[in-house]
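A short worksheet on the structure shown next.
Derivation of every value follows stated rules applied to the coordinates shown; laboratory data play no part. This one's a predicted model, so the numbers in the text were calculated from it and none came from an experiment. FYI the Cβ positions are ideal-geometry reconstructions off the backbone, even for glycines, and counts take in every protein chain you see.
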Amino acid sequence: MPASFDDAVEMLKALAEPTRFRLVLLVSEQDLTVSDLTAILGQSQPRISRHLKLLVEAGMVERHQEGSWAYFRLSDRPLAARLVQSLKASVGDDDGALSRDAERLTEVRRERAERAASYFARNAEHWDRIRSLHVPDVDVERALMGALATAGRFEAHLDVGTGTGRMLELLAPFSERAIGVDASREMLAIARAKLDAAGVTQATVRQGDVYRLPGPRGGFDLVTLHQVLHYLDDPAAAIRECANALSPGGRLAVVDFAPHDLEFLRADHAHLRLGFSEATLRQWMRGAGLAVESLQTLPPHDDEAGRLTVTVIVGRRLPETINELADAPSALAVA
């Protein structure tokens, strides 16, 4: 539905200030916290918070609370997206302030990636033990296999953030060939050893980036993201990149936590996100051109205090979106 005249005026008024202009451009790139934005713009936290409050009130920006952190992102209102597209097209890439913002955003991304890489390096050998924090793997895997049962065999499976290679091993009987991608060399070493021990011969693993996946567009009829999104600074972009890798009718299966308040996972285990709501996952799937085929939530058993609920969602590539994506540029890798 078109925006009202008053809504358009409020949005334009909110943008008519240099700091707010820069903030909107930044959060249109990815979800950012007040601390991130303070570091990028070099302004005080109260000043940044005040400007963000005005942008939220004007409908240009959305605020999402996750535990003690709040993330800000561009509003999903169509007018907000159109205004940002127009702004980006109208302002040159060589603008000094915006160029510096882009450089600092790259640095924020780099610091996040380094923290995650450090965590993976420290915990590679104990990855399976750490996963015991959530509802038992056997329940999750049974739900995932059930959701994919109607698809039959897969010609090409891509497992993104493969970790120990468990998804490659689990789906090996149903895949002609498979590739596992992970940023951590330590995790890849463990995955290779586990696949060899399990006698899985049609799967390979390689170092890679979730935001720039290997292979041609439309080269896989199954992509899996198993307990990966909560480590990423831009999970929506990761889902879009995974969707771009799907062939017509191909499926993207995502397994991750439902919203929770276990702050120690952020401090001790490098979780950037404390779970995702069903509505958010559905929105990201639709935004990537996928129709949600199934969604299941797996709460812990009654005697499993402190464990986490897991969501299993499967989206299917809509055939009419294939041509639109064929010529699209690959998503940029996080520095």
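Normalised by the residues of the chain, what does the relative contact order come to in percent, with Cα pairs under 8 Å and at least six apart? List each step's numbers first, then the result.
Values: 555 pairs, mean separation 50.9, N = 335.
Worked out over the chain, it gives 15 percent.
By how many nm would the segment from Ser277 to Thr106 grow when fully extended, if each residue of separation counts as 0.36 nm and the alpha-carbon distance is taken off?
Values: separation 171, 0.36 × 171 = 61.56 nm, distance 2.76 nm.
Difference between extended and current length: 58.8 nm.
By how many nm would the segment from Leu295 to Glu17 lengthen if fully extended, with 0.36 nm per residue of separation less the alpha-carbon distance?
Between Leu295 and Glu17, full extension yields an extra 95.8 nm.
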Quiz item: Based on DSSP, what percent of beta bridges with both residues in the chain are antiparallel, to the nearest 5?
Solution: 50
Quiz item: Based solely on its DSSP helices, what 222 nm [θ] is calculated for the chain when runs of n ≥ 4 H residues each add -39,500 (n - 2.57) and the sum is averaged over all residues, nearest 500 deg cm²/dmol?
Solution: -13500 deg cm²/dmol
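In the stretch 142-228, which GluC sites (Glu not before Pro) fall in coil by DSSP and have 12 or fewer other Cβ atoms within 10 Å?
Working: sites: Glu155, Glu169, Glu176, Glu186; in loops: none.
Answer by residue number: there is no such site.
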Self-check item: Likely footprinting exposure, Asp159, Asp137, Asp268, fewest C-beta neighbours within 10 Å first
Solution: Asp268, Asp137, Asp159
Self-check item: Listed residue (His64, Leu15, Ser118) projecting farthest to the positive dipole end of the chain, Cβ model
Solution: Leu15
Quiz item: How are the C-alpha pair distances of the stretch 5-91 spread across 10 Å bins, as whole percents from the shortest bin up?
Solution: 18, 56, 24, 2
Exercise. Sort out for me the Cα centre separation of the stretch 74-88 from the stretch 29-50, rounded to whole Å.
Key: 20
Quiz item: How do His260, His301, His230 line up, fewest other C-beta atoms within 10 Å first?
Solution: His301, His260, His230
Quiz item: If you stretched the chain out fully between Glu186 and Ala121, how much longer would it get, using 0.36 nm times the residue separation minus the C-alpha to C-alpha distance?
Solution: 22.8 nm
Practice problem: Please report Arg317, Arg104 as a ranked list, fewest other C-beta atoms within 10 angstrom at the top and most at the bottom. | Solution: Arg104, Arg317
